[in-house]
Amino acid sequence: MSIQQDNQFQAIISHAKEYGFVFPSSEIYDGLSAVYDYGPYGSELKKNIRDYWWKSMTQMHENIVGIDAAIFMHPTTWKASGHVDNFSDPMIDNKDSKKRYRVDHLLEAKADQLREKGEQQAADTLLASMDALLAAEDFAGLKELIIDQKIVCSVSGTANWTDIRQFNLMFSTQLGSVAEDADTIYLRPETAQGIFVNFLNVQKTARMKIPFGIAQTGKAFRNEIVARQFIFRMREFEQMEMQFFVRPGTEGEWYQYWKEARLQWHLSLGISKDKYRYHDHVKLAHYAKEACDIEFEFPFGFKEVEGIHSRSDFDLTQHQLYSKKKMQYFDTEINQNYVPYVVETSIGLDRMFLLVMANAYEEETIAKEDGTTDSRVVMHIPAKIAPVKLAVLPLTKKDGLPELARELMDECKPYFKCFYEEKDAIGKRYRRQDAIGTPFCVTIDHQTKEDQTVTIRYRDSMVQERVLMSKVKDLVLEQVM
Ligand code: ATP
C-alpha cells in the first residue's frame, strides 16, 4: 500500500469512528483484536445493505426462499462438511519474533511490493508460483519460495522461519453446563451448512422445484490468525449466502449465470465497473468444479469481496453419508431421483460495508464564487442504502418554521429514515449530513410559509432548488426505492 493509499484508508477508519459508523469492540478496555461494533449510522447502513441483498435474492427471484438457521449446529455437521479436518490455512512462524503469518498473505504482500516498484511481471510470476504450490499443498516448496523471495518478518526483520503448518480456524465451545459431560461444539465458520442441513425441510415445506435457491444472512466466526485491515478481516463477521440447487449437468450454465448476476448486483448500486474484476481460482477444492472471486479495488489493492462457487453435490452427499438420511430430490420432469448440484454465492456483509465506505469517501475542495475555496468530507453512499435518506432543517427555531418542518417529518418518517435538526448555521448542518452520506437535505424557511415551497439540496452536486413541500416525499422515494 502506498503512503497515499494508507493515508486514505486511515482517514476512512477515523471517519467511520468519528461519525458513528464503526467502533472497536469493547473500546473502553482497549478493544478486542479484529472485532468491531457498528454505531448508529453504521448499523443503519449495514442493515440497508443486508436488506438490499435479501430483497434482490428472495423478492426478485420467485425461486429463492430464505431461512434463519442457528449459529450452533450439531458437531457432526462440521465433520461432514470437512471443516474439522480441512478448514485451515497454511501458517508460518518467525522464530525470533514468534509472530505468525498466513503464507498466502506473506507472498501476496511481497507481490504488492514488487508491483509498487514497477515489477509487474515478477509479481505475476510470484503469484502464479504461489497458486501452483498451494494447489499441490507443497509446503516445503512454499517455504522455499518465501526464502528465495527474501521475505522477512515485519517485527524481527529476520528470515528465521519455522516449517509451514496448517491451523484450524474454527472456534469451539462446550454445550451444557458441566464440562465433563459437555460436547464440543463450534461457532459456525460459514452460514452455508445451515442451508444444506435444511435442504429437505425447505424443499418440502415451501414446495420448491429445482432449480431453486435458499438464502441466508447471519454471523460466522473464524479464528483468523492475521486479522488486520479494519473490518476487512474479522473474527466475528456476517455473511450473506445463497445456495442454488440445480439438476446435475446444468451447473456450468448456472455458475455463469450467477457469476454475471452477482457482478450486476454490485453495479446496480452505481459503483463503477472499473473498480471490480473477477479472479478465477486456480486452486480448486477437490469437490469444486469452478470458482471465482469478485474483487474490488480497496485502498489496499484489489481484494475479494464475494465468492461464486460451483460445489457439485459434495455437501449434500457428505450430509447424506454422515446423517444416513437421504438428501435426494425427485425430478418429475425427467422421472429421476438425484442429489442436486449446488452453485453458491457468498458475500461478506462487513466487507461489503467497507467497500461502500471506501467507494463513498471523498475529501472535496469546493471553489466558491468569491474565488476562495472551501472543503468538505462527503460520503457518496448510494441513496438506496444511505443510513439517513432525508434531513429536515428549519432555517430558524422560531416563526413557526419548526412546526412546518415537523409536518414534513411526520409525512416522511413512515417511508424512510429521516433526521431533524434545528441547531447551528445551515452550512454546518449540511456538512454534517454530507459526512454521514445523507443524499437529500430540505430547508424550511420563511418563504415556505407563503408558497409552501422548500429548498432541497442534493448531496453530490450541492445543487439547491425550490420544490413544493408536498412533493418532497415522492421525490425522495423515487431515488431510494
Ligand atoms: P479470504 O480468502 O479473504 O479469507 P475466503 O475465501 O476464506 O476469504 P469465503 O469462505 O469464500 O472467504 O467466504 C465468503 C465471503 O465471506 C468472503 O468473500 C468475504 O467477503 C467474507 N469473509 C470471509 N472471511 C471473512 C472475515 N474474516 N472477515 C470478514 N469477512 C469475511
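The values are calculated or read from the model by the stated rules, or taken from the named source; none is laboratory data. Bear in mind that the values here come from a model prediction, so they are computed numbers and not experimental data. Neighbour counts are summed over all protein chains in view; Cβ atoms, including those assigned to glycine, are modelled from backbone coordinates with ideal geometry. All accessible areas refer to the heavy atoms of the entire protein, side chains included, with ligands and DNA or RNA removed. Shrake-Rupley method; radii C 1.70, N 1.55, O 1.52, S 1.80 Å.
What is the sum of charges, Lys and Arg at +1 and Asp and Glu at -1, for the other residues whose Cβ falls under 11 Å from the Cβ of THR191?
After counting each charged neighbour, the total is -3.
Ranking THR125, THR317, THR455 from most to least accessible surface, computed with a 1.4 Å probe over the protein chains only, gives THR125, THR317, THR455.
Quick check: from the Cα gyration tensor, does segment 182-261 come out rounded (a/c under 1.5), prolate or oblate?
On the way: a/c = 2.82, a/b = 1.52, b/c = 1.85.
It is oblate, given that a/c is not under 1.5 and a/b is not larger than b/c.
What you get for segment 1-102, charging only the Cβ of Lys and Arg (+1) and of Asp and Glu (-1), is a dipole of about 240 debye around the Cα centre.
Exceedance of the 26 Å cut-off in Cα-Cα distance is limited, within the set LYS273/LYS471; LYS17/LYS110; LYS110/LYS219; LYS209/LYS289, to LYS273/LYS471; LYS17/LYS110; LYS110/LYS219.
Counting only protein heavy atoms and using a 1.4 Å probe, the accessible area of TRP254 comes to about 60 Å². For the pair segment 1-66 and segment 353-416, the centres of their Cα atoms are 20 angstrom apart.
Where both bridge residues fall in segment 391-481, DSSP classifies roughly 60% of the beta bridges as antiparallel.
Principal axis extents of the Cα atoms in the chain, from largest to smallest and rounded to whole angstrom, are 76, 62, 51. Placing +1 on each Lys and Arg Cβ and -1 on each Asp and Glu Cβ, with no other charges, gives the chain a dipole about its Cα centre of roughly 720 debye. Roughly to the nearest percent, how much of the accessible area of the chain is carbon and sulfur, given a 1.4 Å probe? Carbon and sulfur together cover 49 percent of it.
Whole number in Å², please: accessible area per residue of the chain, 1.4 Å probe, ligands, DNA and RNA not counted.
On the way: 23150 Å² over 481 residues.
Normalised by residue count, the accessible surface of the chain is 48 Å².
For ARG432 and THR205, a Förster radius of 30 Å and the Cβ-Cβ distance give a FRET efficiency of 0.05, rounded to the nearest 0.05.
Of the residues VAL378, TRP53, LEU142, the one whose Cα sits farthest towards the positive end of the charge dipole of the chain is TRP53 (charges of +1 on Lys and Arg Cβ, -1 on Asp and Glu Cβ, taken about the Cα centre). Measuring only protein heavy atoms, the 1.4 Å probe finds TYR361 accessible over about 30 Å².
Segment 220-365: D in µm²/s via Stokes-Einstein (Kirkwood Rh, Cα pairs, 20 °C, 1.002 mPa s)? If you can, show how the numbers build up before the last one.
Values: Rh = 17.2 Å.
In µm²/s, the coefficient is 125.
Qualifying GluC sites (Glu not before Pro) in segment 252-348, where qualification requires a DSSP coil assignment and no more than 10 other C-beta atoms within 10 Å, comprise GLU333.
The simple Förster model, with R0 at 41 Å and r as the Cβ-Cβ distance, assigns TYR415 and LYS368 a FRET efficiency of 0.70.
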